[in-house]
Amino acid sequence: MPAVRRPLRGSRAFYPRKRASRIYPRITSWPASNEVKPLGFAGYKAGMTHVMIIDANPNSKTKGQAVFRAVTVLDCPPLQILGFKCYSKTGQGLKDVATIVQENPAKELARKWGIVKIKPMAEQLQKLHGKNVSQVRLLIHTKPGFKSKPEVFEMGIGGTADKQLEWAKGMVGKELKASDVLKPGDYVDAFAISRGRGFKGPVARFGVRILGRKFQQMHRHTGSLGTTEPAKIRPTVPAAGQHGFQGRMEWNKRVVKVGGDAKDVTPSNHFLRYGVLRGEPVLIEGSLPGPAKRLIRLRAPLRQPKSKYPADIRAVSTESKQGVCI
């Protein structure tokens, strides 16, 4: 008989299900843009609330009416531009050509990296002579005073390579605010590390069926580990292991509010497990992965939405969220 062929069943989107290497996410792909500007931002997840907003979707049944929407509140203190990295396009992908950093970084960064002395900017820029630079990315770090260890990550820039390089040279050592990058009505892709739940079995990790009472006196395990040929266990078989604390990304989340007074979006008893907002508040429609106090990275949408709708907020709920699971 001919071999029976069929597509694979089940999602492989989150394989391998292993623990993330660090507590804040990485972004490896950035969209193309003609405007020279940062293509993302980052903020700490404070919690959730709800807003009353005018539905501007022309295809919605509630068009023009005031509706309630759940929103996630991000605390976005200014980010510090540490430097930039230059990449050259090769047949094996992007190759790191040079890394330019500011001459006097924060003490916390110097202690973390073991930096003793940094050369002047003019000497560092000499590394670029004769090099073919095809892409420039900013080196960003969060404020050291907000957490004991600042998070350091890369951020893409729009425009051509020459314009990216000139813009990055003038921005080294300066601050970047959320209101300079994000606007109400924009769409962003959200990256985060999900809530960690430790070592779990296959029932909790994959939702396999709990077996009956006569199944070899073992109920919360996988019934069959596979066929006898080939005599091996495939990596797709549900097994025990790390559950949670994995990188997740959500497409096209709408920004409904940027900046303003933090008291206008803070509940009466503050956010549970977070406290007082220290930076500009940014409200994102819907939920975002990760627990409170975790860094959420935002990126300009890689898949541009077909249409955009203005965000007309009429009221933000500041009722107490005590006892409400967020």
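The table below lists the values:
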{"item": "Single residue of the stretch 273-316 satisfying the filter (more than 21 Å from the chain's Cα centre (by Cα) and not in a strand (DSSP E or B)) that is surrounded by the most Cβ atoms within 10 Å (Cβ to Cβ)", "result": "A311"}
{"item": "Looking only at the stretch 1-55, and only at residues there that are under 22 Å from A240 (Cα atoms) and among the basic types (K, R), the one that is nearest to the chain's Cα centre (by Cα)", "result": "R22"}
{"item": "Matching residues, the stretch 21-65, being part of a strand (DSSP E or B) and either aliphatic (A, V, I, L, M) or more than 26 Å from Q80 (Cα to Cα) (or both)", "result": "A42, A46, M48, T49, H50, V51, M52, I53, I54"}
{"item": "Qualifying residue in the stretch 255-268 (condition: crowded, with 18+ Cβ neighbours inside 10 Å, in contact (Cβ under 8 Å) with a residue 40 or more places away in the chain and of a type in the set (K, R))", "result": "yes"}
{"item": "Identity of the residue in the stretch 208-252, exposed (fewer than 11 other Cβ atoms within 10 Å of the Cβ) and within 18 Å of P16 (Cβ to Cβ), that ends up modelled with the highest pLDDT", "result": "K232"}
{"item": "Hits in the stretch 204-219 - residues which are part of a loop (DSSP other than H, G, I, E, B) and either under 15 Å from V237 (Cβ atoms) or of a type in the set (A, V, I, L, M, F, W, C) (or both)", "result": "G207, V208, R209, I210, L211, F215, M218"}
{"item": "Tally of residues being aliphatic (A, V, I, L, M) and either over 12 Å from P38 (Cβ atoms) or surrounded by fewer than 16 Cβ atoms within 10 Å (Cβ to Cβ) (or both) across the stretch 172-187", "result": "1"}
{"item": "Condition met for F68 (assigned to a strand (DSSP E or B) and surrounded by 14 or more Cβ atoms within 10 Å (Cβ to Cβ))", "result": "no"}
{"item": "Subset of the stretch 75-102 [among the polar types (S, T, N, Q) and outside any strand (DSSP E or B)]", "result": "Q92, Q102"}
{"item": "K183 being on the phi < 0 side of the Ramachandran plot and in a loop (DSSP other than H, G, I, E, B)", "result": "yes"}
{"item": "Any hit, the stretch 196-203, residues being in contact with a strand residue (DSSP E or B) (Cβ under 9 Å, 6 or more places away or on another chain), in a strand (DSSP E or B), farther than 30 Å from V71 by Cβ and among the hydrophobic types (A, V, I, L, M, F, W, C)", "result": "yes"}
{"item": "Candidates H129, H141, filtered to the one that is free of Cβ contacts under 8 Å to residues at least 12 places away in the same chain and either closer than 17 Å to V97 by Cα or not polar (S, T, N, Q) (or both)", "result": "H129"}
{"item": "Every pair of residues 6+ apart whose Cβ atoms lie under 7 Å, when the first sits in the stretch 171-193 and is touching a residue at least 40 places away in the same chain (Cβ under 8 Å) while the second is assigned to a loop (DSSP other than H, G, I, E, B) and among the small types (G, A, S)", "result": "A178/G259; S179/G259; P184/A311; G185/A311; V188/A300; A192/G290; I193/A20; I193/G290"}
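The values are calculated or read from the model by the stated rules, or taken from the named source; none is laboratory data. Everything quoted here is computed from the prediction, not taken from an experiment. Cβ coordinates were reconstructed from backbone atoms using ideal geometry, including for glycine residues, and neighbour counts include every protein chain displayed.
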